[in-house]
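The values are calculated or read from the model by the stated rules, or taken from the named source; none is laboratory data. All values derive from a computational prediction rather than experimental measurement. Neighbour counts run over all protein chains shown; Cβ positions are idealised from the backbone, glycine included. We work out accessible area using only protein heavy atoms, side chains counted, and drop any ligands, DNA or RNA first. Shrake-Rupley method; radii C 1.70, N 1.55, O 1.52, S 1.80 Å.
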Amino acid sequence: MIDHYTYRLSWSPDDNEHVATCAEFPGLSWLAEDEMSALRGLKVMIRDVVEDMRANGEPIPEALADKKYSGQISLRLPPDLHRRLALEAAEARISLSRHLNLKLASA
């Protein structure tokens, strides 16, 4: 299960070490001199946390990679922004949905 989680390795200039993080457990991280040690340390920590959560009957985060997405979201906008985006889409001669997809993809 923990192998399906979303991990990221980066450099921490403040700590002068590599840091491993996990999107499904945003409060956890592991520092180490090399990337693989940081990743291994974080995975051990997450394995222990998941075991504790399971033992306490707590819900365990689903891996983002295993989630099913419908491709639809509901989004509330201020009326002025909605109007501006609709105008931009009309001027580009595309649907508002397509216009928003292009904006999000380029962000």
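Quick look at the values:
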{"read-out": "Filter result (touching a strand residue (DSSP E or B) at 6+ places or on another chain (Cβ under 8 Å), surrounded by fewer than 17 Cβ atoms within 10 Å (Cβ to Cβ) and not in a loop (DSSP other than H, G, I, E, B)) within segment 18-39", "value": "LEU31, GLU35, SER37"}
{"read-out": "Hits in segment 1-17 - residues which are in a helix (DSSP H, G or I) and either open to solvent by less than 80 Å² (accessible area, probe 1.4 Å) or at pLDDT below 95 (or both)", "value": "ILE2, ASP3"}
{"read-out": "Condition check for ALA63: small (Gly, Ala, Ser), surrounded by 14 or more Cβ atoms within 10 Å (Cβ to Cβ) and in contact with a Leu (Cβ under 8 Å, 6 or more places away or on another chain)", "value": "no"}
{"read-out": "Residues located in segment 67-80, provided they are surrounded by fewer than 10 Cβ atoms within 10 Å (Cβ to Cβ) and not basic (Lys, Arg)", "value": "TYR69, SER70, GLY71, GLN72, ILE73, SER74, LEU75, PRO78, PRO79, ASP80"}
{"read-out": "Residues of segment 1-25 satisfying the condition of being more than 15 Å from ARG47 (Cα to Cα) and of a type outside the set (D, E, K, R)", "value": "LEU9, SER10, TRP11, SER12, PRO13, ASN16, HIS18, VAL19"}
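Yes/no per residue for (1) of a type outside the set (Gly, Ala, Ser); (2) in contact with a helix residue (DSSP H, G or I) (Cβ under 7 Å, 6 or more places away or on another chain); (3) touching a residue at least 40 places away in the same chain (Cβ under 8 Å); (4) within 19 Å of GLU17 (Cβ to Cβ):
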residue	(1), (2), (3), (4)
GLU35	yes, no, no, yes
LEU39	yes, no, no, yes
LEU42	yes, no, no, yes
ASP48	yes, no, no, no
ILE60	yes, yes, yes, no
SER70	no, no, no, no
